Structures are given as C-alpha cells and as structure tokens.
Amino acid sequence: MSLHEQYAEDLALHALNALEGDVRASLEKHLESCSGCRQELEQLRGDSVLLAMSTAGPKPPQRSRQRLLEAVAKEPRGLSAAAQRRPGFNWWAAFGWAAAVAMLVVVIQLRRQNAGLQESVSQLGSLIGKQTIELENARRVAEAITAPDALRVELVAAKAPPVPRGKAFYLRNRNSLVFVASNLAPLPADKIYELWLFPKSGGAPIPAGMFKPDANGSASVVNPRLPAGVEAKAFAVTLEPESGSHDAPRGTAVMAGGA
C-alpha cells in the first residue's frame, strides 16, 4: 500500500471535519509536505459540498425511525454506550455521515482508477501510431516492387566484367524508390556509396541516399527523401567521400542504368 493510499480514508474524514486527535494531527503534518494529498483534500471538499447539496430529502416516517432505534439498541456497534445513551443523539445524522464518508472513499478510488485507465489508453495510442507508420512503410516497399507501372532499372558495373549489380524500383506518382545491390566491393577508408537519380527533364542529378554494403557485398536504399513527381531517366551509384556529395556526383562511377 502506498503512503497516499494509507491516508485515503483520513482525507475523506478530514474533508468532512470529522477527524480528531492524533490522527488529525498526523494527517495535517503529512499535508504540509505532500502537495498531492493537499490537492486531493481540496477536491474532496468540493465533492462533499456537491454531495451535501444532493442529499436533501423527506424526513423518514417516525415508525421507521423507532424500528431502527430498537434494532440498534439490541445490537450496539461502533459507538460507545455513553454515546448511545446521550440525550438527543441523532442516529439518522450518524448514518448520513457514514454514508458521506463511504461515498467520498469511493470517489477517491474511482478517480485513481480513471487516471490509470487514461495512462493505459495513452500508451495504447502511441503503440498503434508506431505500428501504423511501420505498416505504411512496408506497404510502400511492396507497392514500389510489385506495381505494374513501377519503373524497373538494373544497374551494372561501369567496367567489364559487370560484377556489382543493382536494381532500382521507382514509382514516380507515389514518390517511392527501392534500390537493392549485390556483389559490391568493400569500401575504402573514408568512402561511401551514393545513389543518384537523373531526371528525364535534364536537370541536375538528385542524391537518392548513401549506403554501405554488408560483408557479402549487399546493400539497399528504401524510400529516400526525393522531390515529388520527378520522372527518372537513369540511376547511378558512385563512390564518394564518407560525408557524401549532395549537389552532384564527384567520385568514381561504380554502376549506372537507364530506363
């Protein structure tokens, strides 16, 4: 049980000014250093006002009151014998206080359960958002490879024999590009491979992603950031400095292919 849960019922009683003695002193000392419990106490005091406004009703019949008093006299519980014999003791008021305390305790528990549910819903929403993004990326990859109108370009080595090979799948109207390569030579120190898209309009080559091959000489570039709607004339791979050449190819041509 947490420290705040330990004081839950005491807070409800304190909101109704029904807490006395050492218990009240202990709670007030705790409230001096606990902003969370102070805030909850203020909320409970507001709830108790609303509860008091909603409990007005007709006076119970005298015969019902008499039956209740007789039943309680036979089996006294909770109150001392002196309190039971006290002249003018109002049993209905006592039961009203008990009901109010019980309802305030229920309010505390419901508020805490609601906070836990809101946190769970927030975490679930975040997870669904991530899965939606991953699903959309997978859909774009599959569409670029399998769509009938996708442009498929195979890249070969600039010099014979054409050992390195590459394939580009480009879907212009969806701005999707998937490039896969094999048999690439290991990279020299401080070098990197860079993929280029050459527009059909004759404009400047567009950088389409930098990559490094794995131990088997394989590599891929998936959905790089490209200008929308560019019609491709050709693709090429060059060997560039490790930081890349972002405005135009400057290094050695490795492979190229046209539509």
Quiz item: Mind checking which aspartates and glutamates have their C-alpha under 15 Å from K212, skipping anything on the same chain fewer than 8 residues away?
Solution: D190, E194, E240, E242
Practice problem: Give the shape of the stretch 151-258 as rounded, prolate or oblate, defined through the alpha-carbon gyration tensor: a ≥ b ≥ c are the square roots of its eigenvalues, a/c under 1.5 means rounded, and otherwise the shape is prolate if a/b is larger than b/c and oblate if not. | Solution: prolate
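FYI, it's all coordinate maths here, none of it is from the lab. What you see is a predicted model, and the numbers here were worked out from it, not measured in a lab.
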